[in-house]
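Trainee: Below is one structure. I have some questions about it.
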Amino acid sequence: MNKRYQVFISSTFADLKEERAKVIQTVMELDCIPAGMEIFPAIDQEQFEFIKKVIDDCDYYILIIGGRYGTLSEKGISYTEMEYNYAIEKGIKVIALIHGNSDDIPIGKSEKNEALRIKLQNFKDKVATNRLVKFWRNLEELPGLVALSLSKTIKTYPAIGWVRANTVADPELYKEINELRKENEKLLNNAPTQFTEVDKEIELAGLDDIIELSGKRVWWDNRYKQDKKSDWSIKISWGKLFSLIGPYLLENPNDFSVQKTLAKVIYETTDDYISNGTPWLIDQDFQTIKIHLKALELIELKYAKATNGGMSLFWYLTKTGEKLMLKLRSVKK
């Protein structure tokens with residue numbers, strides 16, 4: 001059965017028309033279906049609701065970041081970033097292409113407003129923190145990067161795709177396959193858990209044990225008129241770490257919000273703390289924290305519907321976690 005995959009192409013529009021045209025051509029040459037904001041070049045909140053429906057029908061998502069942040073929505077973030085956030089919440093595989101050198105971008109295609117430059121850098125950092133990205137420097141590089149990245153993504157993460165109606169198999173066959181899948185799930189769920197001797201010997205790090213964390217801080221240097229980065233690291237006990245993040249989990253935040261808050265509250269305890277700029281926590285450190293707090297049965301992780309209708313991973317305190325948080329943070333006589 002021949003499938004064709006639909007690919008959403010997201011970027012600012014006016015400054016990246018040629019780049020978008022190259023990417024769209026490459027996507028079509030890979031026998032995929034391109035989709036994007038050519039429908040609504042000047043997007044607004046009402047049109048964005050339609051764009052979300054287009055993203056819902058897509059199998060993959062290509063993000064191109066150049067020198068502009070883009071038109072701001074009512075929420076104060078660009079529609080390009082909103083599209084990206086929505087694609088992440090829907091669990092769509094993202095291919096991110098970020099311009100590798102802002103100095104090479106013509107002035108007419110760069111942000112002149114300092115606040116928007118900071119928003120653009122924060123957006124780049126968010127995209128680069130959560131996944132592998134490809135960096136491009138000129139128009140000619142994009143087709144090759146897209147062809148390699150999209151082909152590899154399709155091979156590694158095959159999606160549903162689209163097929164012609166006359167090539168679809170008998171619906172009764174799908175019913176039979178679905179019944180077999182359900183039966184298989186029952187067998188797996190009822191199967192006894194087997195623990196090896198190695199599993200029994202595993203001892204989890206406790207609240208007094210130390211973990212070393214590291215991250216980066218990004219800030220705008222007014223003197224040199226450019227963004228700068230610096231590294232930070234800290235050794236902290238699991239108990240101290242949980243006491244820092246625990247109160248924020250009462251609101252049942254999503255995964256990205258927790259990562260951002262963790263970076264902020266941990267960085268504020270470092271010896272090198274400086275108030276300006278945006279701190280980020282190394283993603284692998286964040287993943288370790290998430291898994292270990294779950295292993296200690298202090299948190300639960302659940303996928304649930306977000307306010308915009310998409311799915312997202314949310315953090316919840318367990319009863320054990322809430323009791324520990326109250327013990328660590330309540331004021332004693």
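The values are calculated or read from the model by the stated rules, or taken from the named source; none is laboratory data. These figures come from a predicted structure and were not determined experimentally. Positions of Cβ are backbone-derived with ideal geometry, glycine not excepted, and every protein chain shown enters the neighbour counts. For accessibility, only protein heavy atoms count, side chains too; no ligands or nucleic acids. Shrake-Rupley method; radii C 1.70, N 1.55, O 1.52, S 1.80 Å.
Trainee: Examine the range 19-27 for a residue that is in contact (Cβ under 8 Å) with a residue 12 or more places away in the chain and surrounded by fewer than 17 Cβ atoms within 10 Å (Cβ to Cβ), and state whether such a residue exists.
Mentor: yes
Trainee: Condition first: under 23 Å from the mean Cα position of the chain (by Cα) and either of a type in the set (D, E, K, R) or assigned to a loop (DSSP other than H, G, I, E, B) (or both). Now tell me which residues in the range 131-145 satisfy that.
Mentor: Arg131, Leu132, Lys134
Trainee: From the set of residues in the range 97-115 that are out of contact with any Lys or Arg (no Cβ under 8 Å at 6 or more places or on another chain) and of a type in the set (A, V, I, L, M, F, W, C), which is farthest from Ser149 (Cα to Cα)? It would help to see each step written out before you state the result.
Mentor: Within the range 97-115, the first condition is being out of contact with any Lys or Arg (no Cβ under 8 Å at 6 or more places or on another chain), and the residues that meet it are 102-103, 105-108, 112-115.
Narrowing further to those that are of a type in the set (A, V, I, L, M, F, W, C): 105, 107, 115.
Values: Ile105: 23, Ile107: 29, Ala115: 32 Å.
Only one residue fits best here, namely Ala115.
Trainee: I've got another one for you. Could you please let me know if Tyr273 is out of contact with any strand residue (DSSP E or B) (no Cβ under 7 Å at 6 or more places or on another chain), loosely packed, with under 15 Cβ neighbours inside 10 Å and either of a type in the set (Phe, Trp, Tyr) or in contact (Cβ under 8 Å) with a residue 12 or more places away in the chain (or both)?
Mentor: When the stated conditions are applied, Tyr273 passes them.
Trainee: Here's another thing I want to ask about it. Looking at Lys119, Lys124, which is the one that is of a type outside the set (A, V, I, L, M), under 23 Å from the mean Cα position of the chain (by Cα), open to solvent by 50 Å² or more (accessible area, probe 1.4 Å) and modelled with pLDDT of 90 or more?
Mentor: Checking each option against the conditions leaves just Lys119.
Trainee: I would also like to ask the following. Against the definition (without any contact (Cβ under 8 Å) to a residue 24 or more places away in the chain, within 18 Å of Gly215 (Cβ to Cβ), surrounded by fewer than 19 Cβ atoms within 10 Å (Cβ to Cβ) and in contact with a strand residue (DSSP E or B) (Cβ under 8 Å, 6 or more places away or on another chain)), how does Asp231 come out, yes or no?
Mentor: yes
Trainee: Further question on the same structure: Does Ala128 qualify as being hydrophobic (A, V, I, L, M, F, W, C), farther than 27 Å from Pro158 by Cα and either free of Cβ contacts under 8 Å to residues at least 12 places away in the same chain or not in a loop (DSSP other than H, G, I, E, B) (or both)?
Mentor: Answer is no for this residue.
Trainee: Right, something else. For Val94, all conditions in the list (1) in contact with a helix residue (DSSP H, G or I) (Cβ under 9 Å, 6 or more places away or on another chain); (2) open to solvent by 20 Å² or more (accessible area, probe 1.4 Å); (3) under 14 Å from Tyr69 (Cα atoms) hold save one; what is the number of the exception?
Mentor: (3)
Trainee: Which residue out of Leu262, Leu296, Leu301 is of a type outside the set (Lys, Arg), touching a Phe, Trp or Tyr at 6+ places or on another chain (Cβ under 9 Å) and over 19 Å from Ile88 (Cβ atoms)?
Mentor: Values: Leu262 fails: over 19 Å from Ile88 (Cβ atoms); Leu301 fails: over 19 Å from Ile88 (Cβ atoms).
On inspection, the qualifying residue turns out to be Leu296.
Trainee: I've got another one for you. What about Arg68, is it of a type in the set (Lys, Arg) and buried (at least 16 other Cβ atoms within 10 Å of the Cβ)?
Mentor: yes
Trainee: It is to be established whether one or more residues within the range 287-304 are part of a helix (DSSP H, G or I), of a type in the set (A, V, I, L, M) and touching a Gly at 6+ places or on another chain (Cβ under 9 Å).
Mentor: yes
Trainee: Could you tell me whether Ser312 is part of a strand (DSSP E or B), modelled with pLDDT under 90 and open to solvent by less than 30 Å² (accessible area, probe 1.4 Å)?
Mentor: The answer is yes for Ser312.
Trainee: Among the listed residues Glu297, Glu268, Glu251, identify the single one that is open to solvent by 50 Å² or more (accessible area, probe 1.4 Å) and in contact (Cβ under 8 Å) with a residue 24 or more places away in the chain.
Mentor: Answer to the selection: Glu297.
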